[in-house]
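Inspection log for the structure reproduced underneath, given as structure tokens.
Read the figures in this text as sums done on the coordinates, not as results from a lab. Quick caveat, the model's predicted, so the values are computed rather than measured. In this analysis, Cβ positions are derived from the backbone assuming ideal geometry, glycine residues included, and neighbour counts consider all displayed protein chains.
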Amino acid sequence: MGKGEIIKILKEIGVLLELKGENAFKVRAYQSGARTLERLEDNFEQIVEAGRLKELKGIGQALVQKIELLYREGRLPFYEDLKASVAPGLLEFLEIPGLGGKKVKVIYDQLGIDTMDALKEACTSGTIEALEGFGKKSAEKILSGIENRKAYGKRHLWWSVTGLVERILAILRAHPNTIRAEVAGSYRRCMETVGDLDFIVASESASELMELFVALEGVKEVTAKGITKSSVRFESGIQADLRVVPEEAFVFALHHFTGSKDHNVLMRQRALSMGYRLSEWGIFDKNSDDAEPLKVSSEIQSECDLFKFFNLSPIVPELREGFDEVSRAEASNMPSLVEASSIKGVFHNHTTASDGLDTLEDMVKAAERLGWSYIGFADHSKASYQANGLSEDRVLKLIDSIKQFNDSKQSKVKVFSGIECDILSDGRLDLEQSVLEQLDYVVASVHSGFTQSESEMTQRIIKAIEQPVVTMLGHPTGRLLLRREAYAVDIDKIIDAAIANKVIIEINANPQRLDMDWRHWRKGLDRGLLCSINPDAHSTQHLDYFRAGVNIARKAGMEDHHIINTRNVSDVSLLFTEGY
DNA sequence: GCCGTTTTCGGCCCGACTGTTTTCAGTCG
């Protein structure tokens, strides 16, 4: 059994143990074991084969045995028994806000309820509220949770909530009693999708801000309202939290609620190892129960100060995912991340030649407005019939017209001629090599046959990567966030092939794709893998997507030199003619 | 179930809010 499936099973064991009422730390051990495997950069198979699982942090004797069994035999009796002992419907109950493992267990043990319909019935009939520890409000909350399950559980694209975030921030900052206001959480860390929004405000008059917040336009429901914290749900289903803290606690609250959870654990452990306790309120003496933070807390005015206090280089929010950022900061080995202002142009864009909405001329004007010095067009090839893909003849004409455009000196922006060439199901390219060779560059992408097996798909893409004419690989996994899973593909093998054949991989910056995923890049960057940030724009407005791509590049730890879009015109031309 | 410069037992990150309770457990982030 492969790593992905094993991770899934470990996570499920955690959930099942929770429903069985097991020790919370045991539950956490399975979850953290799964996370350790998820983050593993070295080859999983090799580690298991070499008997080195035990060396991984968070994986002890018990997990080693279970993982090895799953790896070698593909099954684990412990898991099968556990699964058989828990009613399958209970897993779904955990998706209801307010229901955790303990309460679900009570509902099942006392009432024998294990389906959503029966739970609904028990809420309306008064059976639930009669249970010890439950009441009328619990029943109402569960009922509304069941009814709104779809909207509540939904995550949201980072890009799609930027407007709402900016609007709320502006309102909070405009309040006369606001000293500082920031957005925190996964939004601030630039995750590709966000579950909810977190706002932190420094102010001495919390109650006024709470009133302002719960009355925001578009608020459908107020789910919590306390002295320092309120939660609301907007009509779109997204939840937002506001926390108001005194000015001296602002930095600590901002850091804490920016997370991630795993990053906070690392920071708190570091604090403990240095004799301190760190919370969202400040820095405390490890051994005292004082409610007052140590005096040093008041000298910390920024997150930089906070990291410095713990002898760490500053860690930007994008990198706070609980990987190795704390140890890198300790060694003063933080990357100098790419900025949006370093981008000088983008390559994978569409025009009216295939399925784009705007003409080449309009797209170039938009590139001028963005201050770029070049732009490349990669319209679809003929196999993408639904997208009006280009035949060999049309490609040749397009190359001509681009040459004329450049010669006419209409614009200071240089236009590169490219194509988004379909990778056919057998790995061949959709257009004649002699035609492809005349273009400045070729983006090879999969647009069909998504149901192939993992090995077929992997071989198919590698075959394309091995064609010397291919410059870069487009959206390597084909995922559409929140809509369509990636097709089955061994991304590690794709990365190896790209490096071996000097093929660039794109970050498709369309907010729905953000593909290749930021989690995969570190496996290749140190070995010379290059990235191209490509908005996959189908209109002038879409060019702005490049910002979402920069976010992902930053999460992947990329510096300017990893990204071809930071190079100037002549270096890019050289790259396309000479390779790298 | 994991872990160890407090080392083989006894902790495990920390605090707010809610709903249920008369002091706290469960949930959540």
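Listing for the model above:
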read-out	value
Extension gain from A:Leu216 to A:Glu68, taking 0.36 nm per residue of separation minus the Cα-Cα distance	48.0 nm
Filtered GluC sites (Glu not before Pro), the stretch A:229-298: DSSP coil and at most 12 other beta carbons within 10 Å	A:Glu235
Pairs of lysine residues in the stretch A:3-84 - Cα separation under 21 Å, sequence separation of 8 or more or cross-chain	26
Backbone HN-Hα couplings from phi across the stretch A:173-181 [Karplus 6.51/-1.76/1.60, Hz, Gly and Pro as x]	5, 7, 5, x, 8, 7, 8, 9, 9
Extension gain (nm, one decimal) between A:Ser342 and A:Asp285, 0.36 nm per residue minus Cα-Cα	16.2 nm
Inter-part distance where the stretch A:429-490 and the stretch A:234-302 are each reduced to a Cα centre, Å	45 Å
Euclidean distance between Cα centres, the stretch A:171-186 to the stretch A:1-36, Å	38 Å
FRET efficiency for A:Asn23 and A:Leu482, using Cβ-Cβ distance with R0 set to 45 Å, rounded to 0.05	0.85
Order of A:Arg320, A:Arg527 - criterion: other Cβ atoms within 10 Å of each residue's Cβ, fewest first	A:Arg527, A:Arg320
Of all DSSP beta bridges in the stretch A:158-286, antiparallel share, percent nearest 5	75 percent
Order of A:Thr115, A:Thr471 - criterion: other Cβ atoms within 10 Å of each residue's Cβ, fewest first	A:Thr115, A:Thr471
Distance from the stretch A:56-86 to the stretch A:192-217 (C-alpha centre basis), Å	43 Å
DSSP bridge pairs, the stretch A:467-580: antiparallel proportion in percent, nearest 5	20 percent
Fewest-first sequence of A:Glu204, A:Glu129 by Cβ atoms within 10 Å of each Cβ	A:Glu204, A:Glu129
Mean Cα-pair separation over length for the stretch A:3-84, i.e. relative contact order, pairs under 8 Å, 6 or more apart, %	33 percent
